[in-house]
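The values are calculated or read from the model by the stated rules, or taken from the named source; none is laboratory data. Quick caveat, the model's predicted, so the values are computed rather than measured. Cβ placement follows ideal geometry from the backbone for every residue including glycine, while neighbour counts extend to all protein chains displayed. Calculation scope for accessible area: heavy atoms of the full protein, side chains included, ligands and nucleic acids excluded. Shrake-Rupley method; radii C 1.70, N 1.55, O 1.52, S 1.80 Å.
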Amino acid sequence: MAQFKWTRSQRPESVSPENWADWTWQLRNSLKSQQDFQRYFVLSESEQRCFREGGELFNIRTTPYYASLARAHEEDPIRKILMPKSEELSSATVAQQMPDPLGEKKNQVTNRLIHRYSDRVLYLITDVCSVYCRFCTRKHFTGSDQALIHTEDHQKALQYLRSHPGVREVILSGGDPLTVSDSALDRILFDLRQISTVEIIRIGSRMPVVAPQRITTDLMQMLRRHKPVFLMTHFNHPREITEEAAIAVENFVDHGVPVMNQMVLLNGVNNHPAIVQALSRRMLYLRAKPYYMFQCDPSLGTDHLRNSIDQSLEIQKELWGHLSGLAMPNYAVDIPAGGGKTVLTPNFEIENKVATEDESSVRTYVGWDGVKSDYISPPKAKIKIPLDAENYFHEWDQLKSAKL
């Protein structure tokens, strides 16, 4: 047996076991006001100031379940994710902040559809989240009380997908798609599955982290009907993996829904290789692939939660060679203003020489543990295109031109 032991969340005595296990109760009883939060926390002056003066702040909300995972110290990692701080109120000493750091508005093709990359679209089916993470990158949309997509907007999104057959993948996001009812989600998935060119559906959700009670047998059976569906979840710290959360993650996998985890490197939360490896190994044990390790985007009010790219690269390099490739997430930075993702890796190359007579190259590397060696490439004249490559040219061209 593996060494991992999952602990259960601490249910307040005033809440019945039946209510605690009901995801709709968790959402109905979300903590939103200072009074709500004071039932679970002794608020610091910085936190109290946000409730007093933060009328323009990004929405504040968390489930009772997720609040129960945080600890008393003001610098507790989970508390930093869910609790507003006074640093969000001031822009005087901010290094960088942007209302739309991913440039989503300029890639918006309908009210709820964003087409940034050729083969896939982001479909914002709701703006509601059960927890409004303080590092949210989509503050320009999330928590703006638009709720579930209207029928007219849904039909416009479907029409766009029908007229762009190069789009092979739809990523349901928001907000959190799993905050909507089973029936509403079922309708959206059914409609997407009527478009033959849509091959893959992804669902991006924090519900397994912040309200794992949502992951019911009915939901699993419904998702299985619309396969292939992938879950992109967002665990950021090993303490978020409670017994309830572990059961939820494995429930997806057991019902044929592959799970990928996307963490965000956050200052004072998880920006240390020991924490990243602990999270990754636990996720992998639950059969969830650590997929991305994102640099925190410079959205409004996140400066205090961002670490440097230099530190992130150091974390990645230290993990390299010590952590299984299965457990190693891709470190990625979203280029601000909509430049798209760029995946960064440690640079082990120290020299690149080209032999001019035959255009072969010799690249010299030093590995993570100091081993130095050359990789000698064959001359360009010997490189051949596969015999049957032209069989796939049409679908490749269709995919590349999907945005046109």
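What to note about this one:
- When Gly103 is tested against (1) assigned to a loop (DSSP other than H, G, I, E, B); (2) farther than 30 Å from Thr7 by Cβ; (3) open to solvent by 20 Å² or more (accessible area, probe 1.4 Å), exactly one condition is not met: (3).
- Hits in region 305-324 - residues which are open to solvent by less than 20 Å² (accessible area, probe 1.4 Å) and among the β-branched types (Val, Ile, Thr): Ile315
- Residue in region 98-108 that is at pLDDT 95 or above, touching a strand residue (DSSP E or B) at 6+ places or on another chain (Cβ under 7 Å) and not polar (S, T, N, Q) present: no
- Close pairs (7 angstrom Cβ cut-off, 6 or more residues apart or separate chains): within 18 Å of Thr242 (Cα to Cα) in region 4-29, of a type in the set (Asp, Glu) and surrounded by 13 or more Cβ atoms within 10 Å (Cβ to Cβ) anywhere: Trp6/Glu243; Thr7/Glu243; Arg8/Glu243; Arg8/Glu244; Ser9/Glu244
- Of all residues making up region 349-382, the number that are part of a loop (DSSP other than H, G, I, E, B) and open to solvent by less than 40 Å² (accessible area, probe 1.4 Å): 3
Yes/no per residue for (1) within 16 Å of the chain's Cα centre (by Cα); (2) part of a helix (DSSP H, G or I):
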| site | (1), (2) |
| --- | --- |
| Gly166 | no, no |
| Val170 | yes, no |
| Leu185 | no, yes |
| Arg202 | yes, no |
| Arg239 | no, yes |
| Phe252 | no, yes |
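- Considering each residue of region 288-304 in turn, none proves to be part of a helix (DSSP H, G or I), open to solvent by 50 Å² or more (accessible area, probe 1.4 Å) and of a type outside the set (Val, Ile, Thr).
- Among residues of region 289-301 that are in contact (Cβ under 8 Å) with a residue 12 or more places away in the chain and among the aromatic types (Phe, Trp, Tyr), those with a beta-carbon under 6 Å from a residue that is open to solvent by less than 20 Å² (accessible area, probe 1.4 Å) and part of a strand (DSSP E or B) at least six positions away or on a different chain give the pairs Tyr291/Asn261; Tyr292/Ala332; Phe294/Ala332.
- Residues of region 25-46 satisfying the condition of being within 26 Å of the chain's Cα centre (by Cα) and open to solvent by 50 Å² or more (accessible area, probe 1.4 Å): Arg28, Asn29, Lys32
- Search result, residues across region 336-369 that are aliphatic (A, V, I, L, M) and more than 24 Å from Lys289 (Cβ to Cβ): Ala337, Ile350, Val354, Ala355, Val362, Val366
- Taken over region 176-232, the residue count meeting the criterion of being open to solvent by 10 Å² or more (accessible area, probe 1.4 Å), among the acidic types (Asp, Glu) and in contact with a strand residue (DSSP E or B) (Cβ under 7 Å, 6 or more places away or on another chain) is 1.
- Selection status of Ala337, of a type outside the set (Val, Ile, Thr), open to solvent by 40 Å² or more (accessible area, probe 1.4 Å) and on the phi > 0 side of the Ramachandran plot: yes
- Residue match in region 57-75 (condition: out of contact with any strand residue (DSSP E or B) (no Cβ under 9 Å at 6 or more places or on another chain), part of a helix (DSSP H, G or I) and either open to solvent by 10 Å² or more (accessible area, probe 1.4 Å) or closer than 30 Å to Lys156 by Cα (or both)): no
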